[in-house]
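Here, each number is a calculation from the coordinates, and none is a lab measurement. No experiment lies behind these values; they were computed from the predicted model shown. Neighbour counts run over all protein chains shown; Cβ positions are idealised from the backbone, glycine included.
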Amino acid sequence: MDKPKIVLGVSGGIAAYKACELLRRLTESGHDVRVVPTASALHFVGEATWSALSGHPAVTQVWESVHEVPHVRIGQQADLVVVAPATADMLAKAAHGLADDLLTNTLLTARCPVVFAPAMHTEMWENAATQENVATLRRRGAIVVEPAVGRLTGVDTGKGRFPEPAELFEVVRRVLARGGDARADLAGRHVVVSAGGTREPLDPVRYLGNRSSGKQGYALARTAVARGARVTLVSANSELPDPAGADVVHVGTAVQLREAVLKAAADADAVVMAAAVADFRPAHYAEGKIKKRDGQEPEPVALVRNPDVLAELSADRARPGQVVVGFAAETDDVLANGRAKLARKGCDLLVVNEVGERRTFGSEENEAVVLAPDGTETPVPHGPKEALADVVWDLVAGRLA
Ligand SMILES: Cc1cc2nc3c(=O)[nH]c(=O)nc-3n(C[C@H](O)[C@H](O)[C@H](O)COP(=O)(O)O)c2cc1C
């Protein structure tokens, strides 16, 4: 089989050097990558680097190898175009259909999915012109990955940072996995995903927790970004890197998670509660470390109920038509317990999976059944957590439509 053909467009931002790592990951994972830098990009990283890393000439203008008609062919033959970094200038050109170099011509001839990873100073990103250009590109089906917040060129920090190349690679991989017809079907939607497991403190050093790694929730966030959604990820104690394009809110306890999820849900089209939220928390928090005393039995730990965030979201929708999805991790009687939980919580979909010490938690794979209140069951066979995530988003997108 031919390797999937990717065009890596590089425009003239300081983050061009990070695109070298993206290029490496793409070629090492079996993709045929052609780099199309702009003339400005070559001020940051030279033609030799792009050619040597990709194994193809890295051409900027339309006037080279004219007999091959590169200004048309490169875009036509691509399975995916990713522009990383995308400058404010490149977003403007793409939104307006300019075609004054090889990359802008390629963007006009590409029939495949197109991903832009903008990177620039906060002022440039927030400028109304840039925001309108981004909105135009998204409306036309392009996936524009929200830049991260963090250190920019020089000493500044703010929104506009290029995402971690490894995470951007994951977005590209997801878009490719969805195939040539993959379009940004969640474009214009805001989705909230909770991930990880809450920790309920007993004293300054101990907590009651659970085995959730956050991998399923992070897969949901990543997949939603790849489908064009604006994503807020409320992450409880996960050690995973922030997914590219998601706005990540880190929390510790169930009470903090509730607050963050309800705040984000206020304008959300869908909320997917993949986090393992503790049902109970210690009734008392000891300000100092609880000591072991000779000859004394330990005090029993009294527990109180935590708020039921899924039931609350389901009963009190922040906006009409908001889709609420829950997860149920069960150890036995999985489907019967799942159906009972769906009825009790009142959510639109419940993803039921069987868990155990060595099952699901921390694993890269999952197997589940998605239950709906009308009795529909969608079985998802054993496979990557991203595949389950895509099934969830398919069902959510169907309900939003
Ligand atoms: C040192 C330096 C860093 C720059 N970094 C960025 C950047 O991160 N993002 C951006 O949009 N423009 C940045 N620019 C401005 C662009 O290079 C400029 O708008 C250029 O015309 C972009 O051309 P292109 O879109 O064809 O690559 C930078 C310029 C300089 C000199």
Report the Rg/Rh value for region 207-273, based on alpha-carbon coordinates and the Kirkwood definition of Rh.
0.94
With the Cα gyration tensor of the chain in hand, give its eigenvalues times 5 under a square root as the equivalent ellipsoid semi-axes, listed largest first in whole angstrom.
43, 23, 19
What are the ³J(HN,Hα) values, in whole Hz, obtained from phi via the Karplus relation 6.51 cos²θ - 1.76 cosθ + 1.60 with θ = phi - 60°, for each residue of region 300-307 in sequence order, with x given for Gly and Pro?
x, 8, 7, 10, 10, 5, 8, x
Considering region 148-250, what Rg and Dmax in Å follow from its alpha-carbon atoms?
15.6, 53
Hey, quick one: spin label on V149, modelled 7 Å out along Cα-Cβ, who in region 116-137 has an amide N within reach, i.e. under 20 Å?
118-128, 131
Normalised alpha carbon radius of gyration of region 155-211 [divisor 2.2 N^0.38 Å]:
1.80
Sequence gap of 8 or more, or different chains, plus Cα separation below 27 Å: how many lysine pairs satisfy both in region 190-400?
9
Nearest 0.05, what FRET efficiency do E364 and R178 give at R0 = 25 Å with Cβ-Cβ as r?
0.85
Determine the dipole magnitude for the chain: charges of +1 sit on the beta-carbon of Lys and Arg, -1 on that of Asp and Glu, nothing else is charged, the reference point is the Cα centre, and the result goes in debye to the nearest 20.
220 debye
Taking DSSP loops as anything outside H, G, I, E and B, show the longest stretch in the chain free of chymotrypsin sites (Phe, Trp or Tyr not before Pro) there with at most 16 other beta carbons within 10 Å.
64-284
Placing one equal point scatterer on each C-alpha of region 66-141 and summing with Debye, one gets log10 I(q)/I(0) at q = 0.22, 0.26 Å⁻¹ equal to -0.97, -1.26
Under a no-solvent Debye model with one identical scatterer per Cα of region 240-310, what's log10 I(q)/I(0) at q = 0.11, 0.15, 0.17 Å⁻¹?
-0.44, -0.69, -0.80
Using amide H atoms built 1.01 Å from N in the peptide plane, name the residues 5+ places from A368, or on other chains, whose amide H lies under 5 Å from its own.
V380
If each part is reduced to its alpha-carbon centroid, region 34-79 and region 249-279 end up apart, in Å, by 44 Å
What is the distance, in nm, between label points placed 7 Å from the Cα along the Cα-to-Cβ direction at V205 and at R140?
6.0 nm
Quick one: net charge around F116, please, counting Lys, Arg +1 and Asp, Glu -1 for every other residue with C-beta under 12 Å from its C-beta.
+2
With viscosity set to 0.692 mPa s at 37 °C, what whole-number translational diffusion coefficient in µm²/s follows for region 297-401 from Stokes-Einstein and a Kirkwood radius over Cα pairs?
217 µm²/s
Filtering trypsin sites (Lys or Arg not before Pro) in region 61-123 by DSSP loop and by at most 15 other Cβ atoms within 10 Å leaves R111
Can you pull a Stokes-Einstein diffusion coefficient for region 190-400 at 37 °C (0.692 mPa s), Rh from Kirkwood over Cα pairs, as a whole number of µm²/s?
186 µm²/s
Suppose we keep just the alpha-carbon trace of region 1-133; what are its Rg and Dmax in angstrom?
13.9, 45
